[in-house]
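Colleague: To start, I am sharing the structure in question, which I have written as structure tokens.
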Amino acid sequence: MVLPRLPLAARRAYRLAFSTSLVLAMAYGFGLAIPFVAPLFVVILSAKPAPPPGPKQLLILLLAVAVSLGVGVILGPLLHGAPLPALAIIIAGLYVSNRLALQPGKAAVGTLLALGLTVIAAASGISPTLASGIISTLVLGIALAVLGQWLVYPFFPEDPAPQVAPPPPPSAADSNWLCWRATAIVIPAFVLTLTNPAAYLPLTVKSILLGREASQLRLRDANREMIVSTLLGGACAIGVWSLLSLAVNLWFYAGWILLITLFLASGMYGVLRTSFKPSFWMASMTTMIILLGAAVQDSANGKDVYQAFVVRIALFLAVAFYAAAAMAVLEYWRARRMQKSNKE
């Protein structure tokens with residue numbers, strides 16, 4: 001069933017909203033250990049609007065993800081036995097993942113490689129069994145995300161369009177700089193996660209996504225986009241959680257996510273005309289999903305949801321402020337260095 005009267009931007013917004021909501025319902029319905037990762041992958045895979053990957057592409061993606069995540073299992077024990085060499089390997093791996101993410105169509109694979117090097121390595125330090133369980137959850141989450149896209153795409157397809165040449169990649173010097181800058185944003189959150197992986201894993205995920213966002217931003221846009229997107233994502237999470245009090249039900253949860261994601265996707269794809277870039281709306285969406293997923297787990301474990309939420313959003317904002325400050329300092333240092341080299 002095709003809806004030809006809808007503009008392309010509206011179709012993309014509906015497709016992302018329905019896919020995210022459907023996959024969220026499936027992830028919780030099937031009892032995934034970390035259910036919120038599946039809708040998170042929908043957003044990551046939908047960053048560039050395109051038809052979903054086919055079965056062969058999905059199989060290749062799952063194999064690549066399983067291998068890249070498995071690297072983290074090896075690095076976990078090494079972090080305890082030889083922390084400095086292990087940290088150096090992780091920093092180098094994050095740089096490689098950032099280089100991969102800058103290539104057209106490879107952003108999702110680069111993000112998943114970064115997750116394997118950080119989240120899985122930290123979890124493996126606690127228990128290899130825990131790390132293996134997280135890997136299984138992530139692989140299943142990707143499979144569910146693509147399945148949801150397969151189910152929704154026929155209703156809101158892309159327009160047939162001629163092949164358009166991708167934009168020219170940044171120069172080698174700029175690519176190296178963007179990769180190191182994104183790596184510098186992730187490392188402090190990862191080191192903090194090593195002190196208490198169970199509590200700070202969402203923080204590492206947020207820092208990885210911030211690093212991806214930073215690689216697409218100019219310095220003058222960084223403060224507004226990183227910090228305000230975190231605040232908007234937190235506000236959306238509070239709104240959904242408050243609305244859930246009307247009826248604590250999975251279908252209501254999926255329905256509220258559908259509505260809020262539709263609003264954010266409308267900004268992301270240009271249905272709503274704003275001065276914010278698509279990366280801003282995507283960051284708000286991922287922040288909301290992470291915060292809500294963690295809140296649901298806190299509630300299921302009998303923890304104080306509101307106290308944990310305040311702590312978590314404060315940490316997210318701290319990471320956003322750090323990312324913006326790090327970008328400013330690094331760009332200032334780079335500008336001074338280039339001035340000196342030009343004078344010489």
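Colleague: Using the Cα centre as the reference, give the magnitude of the dipole from point charges on the C-beta atoms of the stretch 215-344 (Lys, Arg: +1; Asp, Glu: -1; all else neutral), rounded to the nearest 20 debye.
Modeller: 700 debye
Colleague: Taking a label point 7 Å from the Cα of Ala318 along the Cα→Cβ vector, which residues of the stretch 94-133 have an amide N closer than 18 Å to it?
Modeller: none
Colleague: Running a GNM on the chain with Cα contacts under 10 Å, which residue among Trp180, Trp281, Trp251 ends up with the highest mean-square fluctuation?
Modeller: Of Trp180, Trp281, Trp251, the most mobile in the Gaussian network model is Trp251.
Colleague: Let me ask something additional. Most mobile of Lys206, Lys48, Lys56 per a Gaussian network model of the chain (Cα springs, under 10 Å)?
Modeller: Lys56
Colleague: With r defined as the distance between the Cβ atoms of Asp174 and Ile74 and R0 fixed at 51 Å, what FRET efficiency is calculated, to the nearest 0.05?
Modeller: It comes to 0.95.
Colleague: Next up: Ranked from highest to lowest mean number of other Cβ atoms within 10 Å per residue, what is the order of the peptides 145-151, 101-107?
Modeller: My ranking of the peptides, most packed first, is 145-151, 101-107.
Colleague: Between Thr287, Thr195, Thr261, which gets the highest mean-square fluctuation from a Gaussian network model of the chain, Cα cutoff 10 Å?
Modeller: For the chain, modelled as a Gaussian network with Cα springs under 10 Å, the answer is Thr195.
Colleague: In whole Hz, what ³J(HN,Hα) sequence does the stretch 94-100 give by Karplus (6.51, -1.76, 1.60; θ = phi - 60°), x for Gly and Pro?
Modeller: Calculated HN-Hα couplings, in order: 5, 4, 5, 5, 5, 4, 5 Hz.
Colleague: Ok, one more. Whole-Hz Karplus ³J(HN,Hα) for the stretch 295-309, in order, using 6.51 cos²θ - 1.76 cosθ + 1.60 and θ = phi - 60°, x for Gly and Pro?
Modeller: 5, 4, 5, 4, 5, 5, 8, x, 8, 6, 5, 5, 5, 5, 5
Colleague: Further question on the same structure: Please report, in debye to the nearest 20, how large the charge dipole of the stretch 278-344 is about its Cα centre when each Lys and Arg carries +1 at its beta carbon and each Asp and Glu carries -1 there.
Modeller: Charge dipole of the stretch 278-344: 460 debye, to the nearest 20.
Colleague: A further question follows. Considering the options Leu231, Ser175, Ala13, tell which one lies farthest towards the positive end of the dipole of the chain, charges being +1 on Lys and Arg and -1 on Asp and Glu at the Cβ, about the Cα centre.
Modeller: Of the options given, the answer is Ser175.
Colleague: What list of ³J(HN,Hα) couplings, whole Hz, do you get for the stretch 54-65 from phi and the Karplus terms 6.51, -1.76, 1.60, once you set θ to phi - 60° and write x for glycine and proline?
Modeller: For the stretch 54-65, the Karplus curve yields x, x, 5, 5, 5, 4, 4, 4, 5, 5, 5, 5 Hz.
Colleague: When a/c reaches 1.5 or more, the comparison of a/b and b/c decides; with that in mind, is the stretch 85-140 rounded, prolate or oblate per its Cα gyration tensor?
Modeller: oblate
Colleague: Would you mind ranking Arg337, Arg224 by Cβ crowding within 10 Å, fewest neighbours first?
Modeller: If I rank by nearby Cβ atoms, fewest first, I get Arg337, Arg224.
Colleague: Follow-up. Just how large is the dipole of the chain about the Cα centre, in debye to the nearest 20, putting +1 at every Lys and Arg Cβ and -1 at every Asp and Glu Cβ?
Modeller: About 760 debye.
No lab work stands behind these numbers, since they all come straight from the coordinates. Worth saying up front: this structure is predicted, and the values here are computed from it rather than measured. FYI the Cβ positions are ideal-geometry reconstructions off the backbone, even for glycines, and counts take in every protein chain you see.
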